[in-house]
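One structure below.
The values are calculated or read from the model by the stated rules, or taken from the named source; none is laboratory data. It should be emphasised that the depicted structure is a prediction, and the values quoted were computed from it without experimental measurement. Cβ placement follows ideal geometry from the backbone for every residue including glycine, while neighbour counts extend to all protein chains displayed.
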Amino acid sequence: MLGWFKKKFSKKEEAPPLSAETEAPELAAEQDTLVAQSLPEESVIAADQAPSEPDDISDEITEVQESLPPVSPPEQPLETDDAAVIGSESKISEEIAQETTPPSPAEKSSMFQRLSKRLSKTKESLVYRIDTLFLGKKEIDTDLFDELEEILITADLGIATTMEILDDARKQVKRKELSDPLLLKVVLKEKLRSFIMESDKPAELVMPESGPFVIMVIGVNGVGKTTTIGKITYKFKKSGQSVLLVAADTFRAAAVAQLKIWGERNEVEVVSQGEGADPSAVVFDAMDKAITDNYDVVIVDTAGRLHTQVNLMEELKKIKRVMGKQLQGAPHEVLLVLDATTGQNGVSQAKLFNETVTITGLALTKLDGTAKGGIVANVCRELKTPIRFIGIGEQIDDLRDFDPDEFINALFAEETH
Ligand SMILES: Nc1nc2c(ncn2[C@@H]2O[C@H](COP(=O)(O)OP(=O)(O)O)[C@@H](O)[C@H]2O)c(=O)[nH]1
Ligand SMILES: [Mg+2]
């Protein structure tokens, strides 16, 4: 699996600051030489996971240069071809990739166990119920399908998603391709996996070539926006990026205070004004600061817009406009936070928000507290917007990059029975 974000840069001065442990003097010297030797100002090298270390770095860079268009930074996420180029990148980008090093196998296994445990409510409502249903069944009959339908809908897969899964399975049974109830479980699992993998857009965040990466976080009240911002900040900080938080939820004083607490926990600055201030003005000041002080990441917390209230939606549009005027391409990410416990309502919220400000990514929170985790499949199928993160608890490290395979495997894993 790729890292959870990509960062591109064009010149050494614009490279993200390396953490104290990784900024070896040899590397700094090497970077100078490399930049002097072969990097024209406008060439772009993307930082990502580097699969192998090239023998001749300058040749490698020249190759990368030649295969990249000599244009200004793309605003859109990289296409597959660019990603292939990234696969053979230089030592500089490799150094940055190290900061997003994937966990070791042991860490991965314990993270998997934790995810599987946190999904226990959904496991009970979906997987264990399916197991019980199939227990002792010798054949697939109409009753089995009826009960299965009830289970899938209860787990919040949504009627359309449930029907599609079952119709496919029914056809297979009719064609005599499927007769063993246990095989039906495998078919279900794979169908769920295919829905979750349906999004054809990159799941990782793509940071711009230069200037701050601006993330605007939206969603109705109480879904977990501020908490998710705190958790994302933690991830960015761990990856060596500087983060500026922006309290554009000025509707309630408590909201600003809450963001400040997350700011303190992460030791990052929070830009705020008094209660009732114009959110766009707060954003304006913050953008100014972020550009002047060269921040890597800016995360903007917004108020819990009731999506039915036109004036509040207009305010979101205004915030977005203000960002774009100050920094071309901003916001680079409009992250909609959805609360998994609200089930199908989340899907309609997303559609409405999307009409106002185009959503580029989703964070699905509170998967630890719900039996309705089937919503993940429905959200992916209906919205085709990548789920970037899932929230599986209230702690700072309870935010996971969304990996469809890991999610399905954790859901169906038996270890935590
Ligand atoms: N169990 C659980 N609680 C969460 C998660 N994310 C947020 N919360 C809780 O949800 C509540 C509302 O979160 P908050 O960030 O204030 O929502 P906001 O109004 O959208 O900013 C808080 O009590 C959070 O601790 C999660 O992934 N799991
Ligand atoms: Mg909030």
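The sole residue among Glu164, Glu204 that is modelled with pLDDT of 90 or more and on the phi < 0 side of the Ramachandran plot is Glu164.
Of all residues assigned to region 237-252, none qualifies as being surrounded by fewer than 24 Cβ atoms within 10 Å (Cβ to Cβ), part of a loop (DSSP other than H, G, I, E, B), acidic (Asp, Glu) and within 16 Å of ligand 2 (Cβ to nearest atom).
From the list Thr308, Thr228, pick out the single residue that is farther than 24 Å from Gln328 by Cα, away from ligand 2 (no atom under 16 Å from the Cβ) and either at pLDDT 95 or above or of a type in the set (Val, Ile, Thr) (or both).
On the way: Thr228 fails: away from ligand 2 (no atom under 16 Å from the Cβ).
Answer to the selection: Thr308.
Selection of first residues in region 142-167 that are in the same structural domain as Ser179 (by TED's automatic domain parsing) and under 18 Å from Ala340 (Cβ atoms) and of second residues that are charged (D, E, K, R) and not in a helix (DSSP H, G or I), restricted to Cβ pairs under 7 Å at least 6 apart or on distinct chains, gives the following pairs, ordered by first then second residue: Ala155/Lys372; Asp156/Lys372. Taking region 123-181 and the helices (runs of 4 or more DSSP H) fully enclosed by it, the elements with 2 or more residues that are surrounded by fewer than 19 Cβ atoms within 10 Å (Cβ to Cβ) and of a type in the set (Ser, Thr, Tyr) are at 142-154. Step by step: first the residues of region 205-219, then only those that are part of a loop (DSSP other than H, G, I, E, B) and out of contact with any Lys or Arg (no Cβ under 9 Å at 6 or more places or on another chain), then the one that is nearest to Ser242 (Cα to Cα). Which residue is that? Here the residue is Pro212.
Would you check which residues across region 139-173 are of a type in the set (S, T, N, Q) and over 18 Å from Leu383 (Cα atoms) and list them?
Restricting attention to region 139-173, the residues satisfying the condition of being of a type in the set (S, T, N, Q) are 142, 154, 161-162, 172.
Result: Thr142, Thr154, Gln172.
Within the bounds of region 390-397, is there any residue that is within 16 Å of ligand 2 (Cβ to nearest atom) and in contact with a Leu (Cβ under 6 Å, 6 or more places away or on another chain)? Taking every residue of region 390-397 in turn, at least one turns out to be within 16 Å of ligand 2 (Cβ to nearest atom) and in contact with a Leu (Cβ under 6 Å, 6 or more places away or on another chain).
Being within 26 Å of Asn354 (Cα to Cα), more than 13 Å from ligand 2 (Cβ to nearest atom), assigned to a helix (DSSP H, G or I) and at pLDDT 95 or above is true for just one of Ala286, Ala290. Which residue is that?
Values: Ala290 fails: within 26 Å of Asn354 (Cα to Cα).
On inspection, the qualifying residue turns out to be Ala286.
For region 194-204, taking the residues that are surrounded by 18 or more Cβ atoms within 10 Å (Cβ to Cβ) and in a helix (DSSP H, G or I), the one that is farthest from ligand 2 (Cβ to nearest atom) is identified as Phe195. When Val246 is tested against (1) farther than 24 Å from Leu362 by Cβ; (2) under 23 Å from the mean Cα position of the chain (by Cα); (3) within 16 Å of ligand 1 (Cβ to nearest atom), exactly one condition is not met: (1). Test Ser110 against the stated conditions and say whether it is under 22 Å from Thr342 (Cα atoms) and either hydrophobic (A, V, I, L, M, F, W, C) or in a helix (DSSP H, G or I) (or both). It is false that Ser110 is under 22 Å from Thr342 (Cα atoms) and either hydrophobic (A, V, I, L, M, F, W, C) or in a helix (DSSP H, G or I) (or both). Checking the structure you have, find out if any residue of region 260-271 is assigned to a loop (DSSP other than H, G, I, E, B), more than 18 Å from Thr365 (Cβ to Cβ) and within 16 Å of ligand 1 (Cβ to nearest atom). No - not one qualifying residue is present in region 260-271.
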